[in-house]
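In what follows, a structure is listed as structure tokens, so that the remarks can point back to it.
The values are calculated or read from the model by the stated rules, or taken from the named source; none is laboratory data. What you are looking at is a predicted structure, and each value in this text was computed from that prediction instead of being measured. Counting neighbours? That spans all protein chains shown, and the Cβs are built from the backbone with ideal geometry, glycine included. Please note that ligands, DNA and RNA were not included when accessible areas were found on the heavy atoms of the full protein model with its side chains. Shrake-Rupley method; radii C 1.70, N 1.55, O 1.52, S 1.80 Å.
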Amino acid sequence: MQDEFKTLKKFDAGKGREGFLYSLPALEEQGIGKISRLPVSIRIVLESVLRNCDAKKVRRKDVETLANWTAKSPANAEIPFVVARIVLQDFTGVPLIVDLAAMRSAVARLGRDPKIIEPLVPVDLVVDHSVQVDFFRSPHALELNLDMEFKRNRERYQFLKWGQQAFKTFQLIPPGIGIVHQVNLEYLAKGVLSQTSEVRGQRSEIFFPDTLVGTDSHTTMINGLGVVGWGVGGIEAEAGMLGQPVYFLTPEVVGVHMIGQLREGVTATDLVLHITQLLRAQKVVGKFVEFYGEGAASLPVPDRATIGNMSPEYGATMGFFPIDQESVDYLRATGRSEEQCLAFENYFRAQRMFGMPLRGEIDYSVDIDLDLAEVQPSVAGPKRPQDRINLPELGRTFRELLEKPVRDGGYGKQNVDLREKHLVELNGSAPRNGAMFSTDNKEDQGISPGDERNKVEMITNRPTPDAAKEIEAESRDVFTRGRSHIGHGSVLIAAITSCTNTSNPSVMIAAGLLAKKAVERGLRVDPAVKTSLAPGSRVVSDYLQKTGLQSYLDQLGFNLVGYGCTTCIGNSGPLHPNIEKAIHEYDLVAASVLSGNRNFEARVHQHIKANFLMSPPLVVAFALAGRVHIDLSRDPLARDKDGEETFLRDLWPTLSEIRDTMQSALAPETFRKLYRDFADQNPKWNDIPSSTGDIYQWDEKSDYIHEPPFFQDFSMEPGRIGEIRGARALGIFGDSVTTDHISPAGAIKETSPAGKYLMSRGIQPRDFNSYGSRRGNDLVMTRGTFANVRIKNLMLPETEGGVTKYFGPSRTGGSKNGEGKQMSIFDAAMKYAETSTPLVILAGHEYGSGSSRDWAAKGTRLLGVKAVIAASFERIHRSNLVGMGALPLQFADGTTAQSLELDGLEIFSVTGLSNDIKPGQNVTLEIERKDRQKRSVPVKLRIDTPIEIDYYRHGGILPFVLRQLLSK
Ligand code: SF4
């Protein structure tokens, strides 16, 4: 083993195991930095840099730089971080395995051994993002939704099974087991890992901290267990798999000193919403956050994990909790072996990193105090997770937002009478077709709400006729029959969803206890509310069953619908068609309540405009109340069976009730039993046939898996960096364009380029499935780029959706093309490609925020976009653009497309680009207006690190890695 700093030391790993570790105390003794005062998160990264220091990929200088990290002025140096493992979910994981398969094909075409393409660190993929809530309020919902999932995703699952046998270091956890971050927390994470290597002539076990990156922004949930990790783009994860370090700039570390304890009636969800608001205001984007102090020590790991989970929402790279006895106890309680627990504890003790730090022990860049006793019950929304609202104020806030102008973040309604309700009949044909209604916006398709065609047109995502027959009997109960009255503020979706909260037994049991009290009082949920329960692991069902609480949740409609992301990722499934119709007809601002972490418009459901994040027990409470314009601290939420008013306080469980119930229900053996032999526990997975071999046999008939063009005409010579001349704007966007705007995950519209393409392949709209499920097919995904129905291209300010103006090739000039021709962004991009016209995107602040989504960058690149010029970028999306060879450029402070009065008629050039560019330097954006007037503004190259210059020069990270592997 390499040992550049002579820090390899023996330690007692427990149970008679002797191991080696790269000792940080030994490094400090050499006078290389005050390591014991570094934040624990920085020390864990430092260990990786030290251990992997080989004077090539990781240099001595990197170790010295990080060891000398200075709290108040971090060096802004590029750190090569070699992670111990990678986690993937299926939406982002499939394209990654597709890329690996494409690399193998390219290597084979070059006459080399395709097996040189193999993950070099363990990779775990959890299939969790594909299940949709088609069936609900039924004891058979789980089985029926799983059936639908397998029918919809068969081709993707066949491909994944090929990957499972082709790559040795790749473990796949099939559908129906759990959600990636909860599975990671409860099973995959080990706390400390080891490998056997030669040390001083002897085979020895070397221990090192469990670290990872994941292709999902909420990978940070594992920070709650003291594991360093965060979300990266699929492109970076791919490079990580292939032995490349993940590069990041030495961050500031914000220390959040916690004191006190949560009060009665306050949940971990309330705490994380409080922290999200607090840290958003502190601008922690790109920083590590480390929680410490007695308050942090008092939090159990599931609460810490809930807080870690929402780091993307507060903007931090990580939300980390140091390792202490609580971390070890959690591993033990979740069925990890005694050897593992001892090795974890002994390793961190030997590294002098064990125990929750107290005030003054560590130097942080920024110090923030948080008294847990000040946290109040709250919700967040209706559009952003950082917009926290104290529970008593929700009703008033919603009323205000209803009438507030749209430009101020409101809904722009006038003279609203919230007592006005509209009758909705939930009988008729709806139940029979329950599983089959699309969530597409019919008005967008030119179908008026009252149009009879709705009845037919809305039947999409329909199973095959045979499957339909099979499920028809069950689907009779899909939508609860009855009548309802809905209006503004009506709760139409109530979902206990998301690993954020379902990993936390305290809030799940609180939801069950609240349901029990409600049922005992004879309360019921209105049939218009689509209720669902989708935990992130089967452990949750085990304890809800053992405690008898599931039956109460069932009685309120919170039947188990699946083990997966469901509503959290927008797979909330259709609403009753008559409800959708009423929403359109009366232009209702309806609400969802969910225990997820994201709520931007159209994320949860295309028809629901107001989305409120909250704890699982509050989800149940609002389902019972049926509306969000209510003060639950004062107003009754319903009348009980005796006609008495029932208040939230009558139903809310006490902390001791929750604690007592939890203690009776959680056992390590349950975790061990449920986390083994996954395939055996899922016969549907075993039944899927799959091809074998080292090289994937691409099937031109498949519309899910297609060989991407990234390695076509691949040569060993990278190109040169050159200027961009004569570019056209493909889109001009405002602030906060999310990756979901750029590359939507949800429904594919029939009239969209992707929809038309699928139709041309003989695929009917009912079988379109979602964009997320077709990420293995570049032909669909490129057409889906910028196709979100809610994206607003300011070149067409009156229109929503993925459209632009096509002005013809730039050589014909701006003025000759009048107002341009309106067409889809994809069609315009293809027309520009015919004349080799380069394209640019102009955008406002926080471009690419939201979930990490590599297709947002891949699609941008495949549309022919050479540069994205924005006021600011979200961290992962910026790096993904570079990873795909597209150039991120940033306007100087105060400059925007609007301040420059750009309308898309201009011709753009980016000058000052050459092979000698430096990270972060300024280059020039030249703008030629339609009247031929010219203007130049400086823009900053958002290539942030030297290695990114290499990636950009090679046309992206994948060609860079492939050339490296082939040159060996
Ligand atoms: S449940 Fe939500 S936060 Fe968790 S992995 Fe799924 S989509 Fe991400």
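Worth pointing out:
- Distance distribution note for region 355-423: the fraction of Cα pairs above 15 angstrom is 70%.
- Spin-label model distance (nm) - residue 893 vs residue 921, 7 Å beyond Cα toward Cβ: 2.4 nm
- Put simply, the amide H of residue 125, placed in the peptide plane, has neighbours under 5 Å in 88, 171, 172, 173, leaving out anything fewer than 5 places away on its chain.
- Cα gyration tensor shape of region 658-701, rounded if a/c is under 1.5, else prolate or oblate by comparing a/b with b/c: prolate
- Carbon plus sulfur fraction of accessible area for region 178-309, probe 1.4 Å, in percent: 47 percent
- Cα centroid separation - region 866-920 against region 182-234, whole Å: 35 Å
- Based on the Kirkwood approach, the hydrodynamic radius assigned to region 732-771 is 11.2 Å, with every pair of different Cα atoms included.
- Values of log10 I(q)/I(0) for the chain across q = 0.08, 0.09 Å⁻¹ run -0.74, -0.96, by the Debye formula with one identical scatterer at each alpha carbon and no solvent.
- In nm, spacing of pseudo-spin labels at residue 9 and residue 371 (7 Å Cα→C-beta vector): 4.1 nm
- Simple spin-label estimate for residue 698 and residue 667 in nanometres, 7 Å along Cα-Cβ: 5.3 nm
- Over region 209-295, the reciprocal of the mean inverse Cα-Cα separation, the Kirkwood hydrodynamic radius, stands at 14.9 Å.
- q = 0.15, 0.28 Å⁻¹, region 556-618: log10 I(q)/I(0) [Debye, one scatterer per Cα]: -0.48, -1.32
- For residue 18, the accessible area of its heavy atoms, probed at 1.4 Å with every protein chain present, is near 120 square angstrom.
- Pairwise centroid distance, computed over Cα atoms, of region 292-310 with region 516-566, Å: 26 Å
- Gain upon complete extension [residue 950, residue 751; 0.36 nm per residue less C-alpha separation]: 67.6 nm
- Where only DSSP H runs of four or more residues are counted, the chain gives -9000 deg cm²/dmol as its mean residue ellipticity at 222 nm, each run worth -39500 (n - 2.57).
- Relative to the current alpha-carbon distance between residue 30 and residue 767, full extension at 0.36 nm per residue lengthens the span by 258.9 nm.
- P(r) for region 98-173, from all Cα pairs and a bin width of 10 Å, is 17, 37, 25, 14, 6, 1 %, short bins first.
- Reducing region 19-45 and region 621-648 to their Cα centroids gives an inter-centroid distance of 55 Å.
- With N the number of residues in region 174-250, Rg(Cα) / (2.2 N^0.38 Å) evaluates to 1.28.
- For the peptides 31-39, 769-777, residues were scored by their other Cβ atoms within 10 Å and the scores averaged per peptide; the highest-first order is 769-777, 31-39.
- For region 110-150, the fraction of alpha-carbon pairs in successive 10 Å shells from zero, as %: 22, 26, 18, 19, 12, 2
- Each 5 Å bin from 0 upward holds the following percent of the Cα-Cα pairs of region 731-869: 2, 10, 20, 24, 20, 14, 7, 2, 0.
- Region 272-421 - Debye-derived log10 I(q)/I(0), Cα point model, q = 0.15, 0.16, 0.18 Å⁻¹: -0.88, -0.95, -1.11
- Diffusion coefficient of region 863-968 by Stokes-Einstein, Kirkwood radius over Cα pairs, 4 °C, 1.567 mPa s: 88 µm²/s.
- Highest to lowest packing among 104-112, 196-204, scored as the average C-beta count within 10 Å: 104-112, 196-204
- Whole-number D in µm² s⁻¹ for region 670-785, Kirkwood Cα-pair radius fed into Stokes-Einstein, 25 °C, 0.890 mPa s: 133 µm²/s
- Which listed pairs, of 421/581; 56/940; 383/404; 383/792; 10/61, have C-alpha distances above 19 Å, in listed order: 56/940; 10/61
- Peptides 833-840, 955-962, 571-578, ordered by how many other C-beta atoms sit within 10 Å of their residues on average, highest first, read 571-578, 955-962, 833-840.
- Cα-Cα pairs of region 19-61 separated by more than 18 Å (percent): 24 percent
- Volume of the convex hull of region 34-174 (Cα atoms only), normalised per residue: 179 Å³.
- Note on region 544-657: the C-alpha convex hull projects to 8.8 nm² when averaged across all orientations.
- Long-range tail of P(r) for region 127-231 (Cα pairs > 18 Å, %): 64 percent
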